[in-house]
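Enquirer: Mind having a look at this structure? Questions to follow.
The values are calculated or read from the model by the stated rules, or taken from the named source; none is laboratory data. Please read all numbers here as calculations on a predicted model, not as lab measurements. Every residue, glycine as well, gets a Cβ built from its backbone with ideal geometry; the counts of neighbours run over all protein chains shown. Please note that ligands, DNA and RNA were not included when accessible areas were found on the heavy atoms of the full protein model with its side chains. Shrake-Rupley method; radii C 1.70, N 1.55, O 1.52, S 1.80 Å.
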Amino acid sequence: MAAAESISFDRIADRYDESRGGEGRGQVMATEIEPYLAGASRVVEIGVGTGVVAAGLARLGHNVVGVDISADMLSRAHARLGARVARADGRSLPLRTDSIDAVYLVWVLHLVGDPSAVVAECARVLRPSGRLVVVAGLVHTEPNDMAEHERRLDALRKRRPDTAESVSTWASASDLVLVDQRQLQETFEHSPADHADALEQRAASFLWDLDTATWAEVVQPVIDGLRGLLDPTRARRVVQYRDFLVFSR
Ligand SMILES: C[S@@+](CC[C@H](N)C(=O)[O-])C[C@H]1O[C@@H](n2cnc3c(N)ncnc32)[C@H](O)[C@@H]1O
């Protein structure tokens, strides 16, 4: 079977930061990743997007080089990081073998078409004892009144390839050794009204190409349900968990 295409984020570049937590989220991610970069001077982010995580790491003293397939996302990253960004595909990195101290990926492996090839590329470019940090896209949300409605969208989300188990399997196939694994907690405030607006604007990638009939049958009732909640403009606390894995070469 032919590998799937990567999903470029060109179409969401101008709304990406506002819909995904922006620099605040980037700083939280950077703080989680930074302890694994001790002594690393050559650090690469694959799927750097608008550069919010790399900018957070820059504030912590790490100069990251970021690559992405989306020119529009990269232009935002360039505004944050300067010349340390390049257009490149994670499946074929323009980097020498054994040359990099650490590579990290945040919310990327479910989009790259062939995630095992990307992990193999990470292993190739890492120097011996170099680190690979992966924040996988699979999300678990603690229940609240919004989640009651939101979970009806689960059927539309493509089965995510980037489970912790799969990531570990791809890494092991490239002779990377798991050195740490945990659930990363992300907490933010979001109102049902704002969430309904984000759905209506198709901010999430799984809604980009949804047909009109499925939208009317599945998504519109969720939007209506969110707007129909008591006090819909009051922000709720949203707690989500993602897989956080660290490998060594
Ligand atoms: C959800 S965004 C994550 C951006 C950033 N890591 C963050 O946490 O904000 C995923 C990014 O991966 C990029 N991407 C998708 N496939 C890729 C590939 N094969 N190689 C490099 N980047 C890719 C997309 O263009 C997009 O900018």
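Enquirer: Are there helices (runs of 4 or more DSSP H) fully within the range 1-93 with at least 3 residues that are surrounded by 14 or more Cβ atoms within 10 Å (Cβ to Cβ), within 13 Å of the ligand (Cβ to nearest atom) and modelled with pLDDT of 95 or more? List them.
Expert: 22-33, 52-59, 71-81
Enquirer: Inside the range 185-204, can you point out the residues that are in contact with a helix residue (DSSP H, G or I) (Cβ under 6 Å, 6 or more places away or on another chain) and open to solvent by less than 20 Å² (accessible area, probe 1.4 Å)?
Expert: Result: P192, A196, L199, A203.
Enquirer: Now for a different question. Against the conditions (1) open to solvent by less than 80 Å² (accessible area, probe 1.4 Å); (2) away from the ligand (no atom under 16 Å from the Cβ), where does V177 fall short? Just the number, please.
Expert: Here V177 meets the rest and fails (1).
Enquirer: Could you give every pair whose Cβ atoms fall below 9 Å, whose first residue belongs to the range 32-55 and is in contact (Cβ under 8 Å) with a residue 12 or more places away in the chain and polar (S, T, N, Q), and whose second residue is assigned to a loop (DSSP other than H, G, I, E, B) and more than 10 Å from the ligand (Cβ to nearest atom), counting only separations of at least 6 or pairs across chains?
Expert: As it stands, the answer is S41/H62; S41/N63, since those pairs meet every condition given.
Enquirer: Still on this model: When residues of the range 1-52 are filtered for being among the small types (G, A, S), within 23 Å of G113 (Cα to Cα) and in contact with a strand residue (DSSP E or B) (Cβ under 9 Å, 6 or more places away or on another chain), how many remain?
Expert: Of the residues in that region, 5 qualify.
Enquirer: From V133, V139, grab the single residue that is among the aliphatic types (A, V, I, L, M), surrounded by 24 or more Cβ atoms within 10 Å (Cβ to Cβ) and either more than 9 Å from the ligand (Cβ to nearest atom) or farther than 11 Å from V44 by Cα (or both).
Expert: V133
Enquirer: Could you tell me which residue of the range 94-112 is most open to solvent (accessible area, probe 1.4 Å), considering only residues that are in a loop (DSSP other than H, G, I, E, B), more than 6 Å from the ligand (Cβ to nearest atom) and of a type outside the set (K, R)?
Expert: Applying the filter and picking the extreme gives P94.
Enquirer: So, one more: Please find, among D243, D209, the residue that is farther than 18 Å from N144 by Cβ, charged (D, E, K, R) and open to solvent by less than 30 Å² (accessible area, probe 1.4 Å).
Expert: Being farther than 18 Å from N144 by Cβ, charged (D, E, K, R) and open to solvent by less than 30 Å² (accessible area, probe 1.4 Å) holds for just one of D243, D209, which is D243.
Enquirer: Still on this structure, I have one more. List the helices (runs of 4 or more DSSP H) inside the range 150-249, counting only whole elements, that have at least 3 residues being closer than 27 Å to R11 by Cβ.
Expert: Result: 192-200, 220-227.
Enquirer: Taking the range 219-228 on its own, how many of its residues are open to solvent by 30 Å² or more (accessible area, probe 1.4 Å) and not charged (D, E, K, R)?
Expert: Number satisfying all stated conditions: 3.
Enquirer: Which members of the range 151-168 meet the condition of being modelled with pLDDT of 90 or more and either loosely packed, with under 13 Cβ neighbours inside 10 Å or more than 22 Å from F244 (Cβ to Cβ) (or both)?
Expert: R152, L153, E165
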